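Structure, as structure tokens:
No value in this document is a laboratory result; all are computed from the given coordinates. Here the structure is a predicted model, which is why all the values come from computation and not from measurement. A quick note on method: Cβ atoms are made from the backbone with ideal geometry, for glycine too, and the neighbour counts reach across all protein chains shown.
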Amino acid sequence: MTFVVTENCIQCKYTDCVEVCPVDCFYEGPNFLVIHPDECIDCALCEPECPAEAIFSEDELPDGQEQFIEINAELAEVWPNIAEKKDPLPDAEEWDGKSGKLEKLER
Ligand code: SF4
Ligand code: F3S
């Protein structure tokens with residue numbers, strides 16, 4: 001079992017999640033974070049920390065977000081690790097809650 005970062009993180013990237021992860025299993029791209037499914041210990045600490053409510057257990061994903069299981073697994077293999085909080089993206093508040101952000105994902 002793993003937790004998964006979903007679409008609403010895109011263009012926001014608040015990074016509060018990385019501060020609480022006991023195994024540092026977050027990986028960072030230009031405008032999105034992912035969780036490495038083989039490193040996540042399913043502790044659930046990150047889920048309530050995300051201001052954008054973008055983190056879910058893989059068995060509790062909202063409808064339409066299932067593809068993010070594969071996206072997290074794929075990008076966690078190529079992006080660098082992030083273990084410390086940084087500033088969110090400049091327009092994070094504006095993007096928070098918008099639909100159709102997947103097309104904005106930068107790899
Ligand atoms: Fe890290 Fe726990 Fe979140 Fe997994 S559930 S990403 S181990 S904080
Ligand atoms: Fe993204 Fe939420 Fe973390 S917006 S960077 S999953 S705190």
Inset, instruction - Could you check the simple spin-label distance between Glu53 and Asp38, using points 7 Å along Cα→Cβ, in nm with one decimal? - result: 3.4 nm
Legend entry - Mean residue ellipticity (222 nm) of the chain, computed from DSSP H runs ≥ 4 via -39,500 (n - 2.57), nearest 500: -4000 deg cm²/dmol
Inset, instruction - Could you list, by residue number, the cysteines of the chain that have no other cysteine's beta carbon within less than 4.7 Å of their beta carbon? - result: Cys9, Cys12, Cys21, Cys25, Cys40, Cys43, Cys50
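For the chain, the longest stretch holding no GluC sites (Glu not before Pro) located in a DSSP loop with at most 16 other Cβ atoms within 10 Å is which? Please report the intermediate quantities before stating the final value.
Values: sites that count: Glu39, Glu53, Glu66, Glu77, Glu84, Glu106.
Longest gap between qualifying sites, sites excluded: 1-38.
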Legend entry - Over the chain, equivalent-ellipsoid semi-axes from the Cα gyration tensor in Å: 18, 15, 13
